[in-house]
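Here the structure is laid out as structure tokens; the discussion comes afterwards.
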Amino acid sequence: MLKIVCNGEVLEQVNSFRYLGAIITSTGDCSVEIRSRLGSARSAITSLNSMWKDRALSKELKARLMRLPVWPVATYECETWTLKASDRKRISAFEMTILEFVEYTNLQKLS
């Protein structure tokens, strides 16, 4: 552990903390941040439930609306992420979930 002294006091060391909305870990691992962002995006999807169930909206419009309010939540600050193979798979799986969700709500519209 690194001992950091500021104004004569030793600063407390933590394993992770939030800074400007991002989760910073002591190891520099971005997996926790990615999971958190994808979870927030899932919450954004469910908060728009009435819109997804609206039969008057086309699949194209729903897909566009998914890209506007949901995808930016998931990818906020992604430029700073260091991705591992497992993180890439998790993001790809989330993207497929979004596409399947839009397709599923459109199929419900047909039945």
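The values are calculated or read from the model by the stated rules, or taken from the named source; none is laboratory data. Predicted model only: the values in this text are computed from it and were never measured. For neighbour counting, all protein chains shown are included, and Cβ atoms are generated from backbone atoms with ideal geometry for every residue, glycine included.
Summary of computed values
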item: Only listed residue being surrounded by 10 or more Cβ atoms within 10 Å (Cβ to Cβ), touching a strand residue (DSSP E or B) at 6+ places or on another chain (Cβ under 8 Å), of a type outside the set (A, V, I, L, M, F, W, C) and outside any strand (DSSP E or B), chosen from GLU60, GLU33; result: GLU33
item: LYS84 vs. criteria of a type in the set (D, E, K, R), surrounded by 12 or more Cβ atoms within 10 Å (Cβ to Cβ) and touching a Phe, Trp or Tyr at 6+ places or on another chain (Cβ under 9 Å); result: no
item: Where a residue in the range 7-31 is within 18 Å of ASP87 (Cα to Cα) and its partner, wherever it lies, is in a loop (DSSP other than H, G, I, E, B) and modelled with pLDDT under 85, with Cβ under 7 Å and at least six apart; result: ALA22/GLU77
item: Inter-residue pairs, beta-carbon under 7 Å, first under 14 Å from PHE101 (Cβ atoms) and in the range 64-75, second assigned to a helix (DSSP H, G or I) and of a type in the set (Gly, Ala, Ser), 6+ apart; result: PRO69/ALA44; VAL70/ALA41; VAL70/ALA44; ALA74/ALA41
item: Hits in the range 5-28 (condition: at pLDDT below 85, surrounded by 11 or more Cβ atoms within 10 Å (Cβ to Cβ), assigned to a loop (DSSP other than H, G, I, E, B) and at negative phi); result: SER26
item: Residue that is assigned to a loop (DSSP other than H, G, I, E, B) and out of contact with any Ser or Thr (no Cβ under 9 Å at 6 or more places or on another chain), where the choices are LEU2, LEU65; result: LEU2
item: Tally of residues being over 24 Å from ARG67 (Cβ atoms) and hydrophobic (A, V, I, L, M, F, W, C) across the range 24-40; result: 2
item: Condition met for VAL73 (at pLDDT 85 or above, surrounded by fewer than 16 Cβ atoms within 10 Å (Cβ to Cβ) and either touching a Cys at 6+ places or on another chain (Cβ under 6 Å) or not small (Gly, Ala, Ser) (or both)); result: no
